[in-house]
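Rule-based calculations on the coordinates, nothing more; no lab input. Remember, it's a predicted structure, so these values are computed and weren't measured experimentally. Cβ sites come from the backbone with ideal geometry, for glycine too, and all protein chains shown count toward neighbours.
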Amino acid sequence: MNFIDATIAAVVIGIGATAFMDAFAWLQGSLFKIPSLNYALVGRWIIGLSKGRFFHNTIMQAPPQRHERTIGWLFHYGIGVFFVLLMQFVVGTDWYFAPNLLAPLLIGLLSLCAPFLVMQPAFGFGIAASKTPSPWTARQRSLIAHLSFGFGIYFAGMLWLHFIKWF
C-alpha cells in the first residue's frame, strides 16, 4: 500500500471510528442519560491555546469563544485520525487487509492518555479527573468511550476492507 492510499485509509477509518464513538455516546445518553463531553469546551481550550493559555482553573469558567463548538468537533475528529495513523505506524498497513480487534483496542486504551494526562488536567479537572466530584465515574466513562473508539476502528477497518474489494 503506498503512502497516499495508507493516509486515505487512516483518515477514513479515523473519521469512521470517531463517528462510531460519538454514536455510542449518543446511545448512552439516550438510553441511560449519561452525558457526553461538550466539545465546545475542547474548542474553548484550543482557542485558549492560541492565546497562550494551556491550564484553566476550570474550563467552564472561561468565557465562551466564537466558533468553539466547531473547533472542538474538528479537533475531536482530527485526534481520531491521529490515533489511527499512530496504529498504522506501529502495526503497519497490512492491518487494512486483515483487520483484527487487538490493535484497535490497544490504541483505544492508549488514547486514554489524551484525556487523563492532557485534557482533564488542562481543563482544571486534575490528572485522570482527580479534582472532579466523582473521579472514578469520570474515569469509567472515559474508559468506555475510548474502548468504543477502539471497536470503531475495527468496524471502520472492516468496512474499509469491503469497500476496497469493490475497486
Residues (outside any loop (DSSP other than H, G, I, E, B), farther than 12 Å from Tyr39 by Cα and of a type outside the set (A, V, I, L, M, F, W, C)) located in segment 61-87: Gln61, Gly78, Gly80
If I ask for residues that are surrounded by 14 or more Cβ atoms within 10 Å (Cβ to Cβ) and more than 21 Å from Ala98 (Cβ to Cβ), which ones from segment 16-36 would you list? Thr18, Ala19, Met21, Asp22, Phe24, Ala25, Gln28, Ile34, Ser36
Would you confirm whether any residue within segment 4-15 is buried (at least 18 other Cβ atoms within 10 Å of the Cβ), under 30 Å from Lys165 (Cα atoms) and polar (S, T, N, Q)? no
Segment 107-133 - residue that is part of a loop (DSSP other than H, G, I, E, B) and farther than 11 Å from Leu143 by Cβ and, of those, nearest to the chain's Cα centre (by Cα): Phe123
Exactly one of Ser36, Ser30 is assigned to a loop (DSSP other than H, G, I, E, B) and among the small types (Gly, Ala, Ser), and that one is Ser36
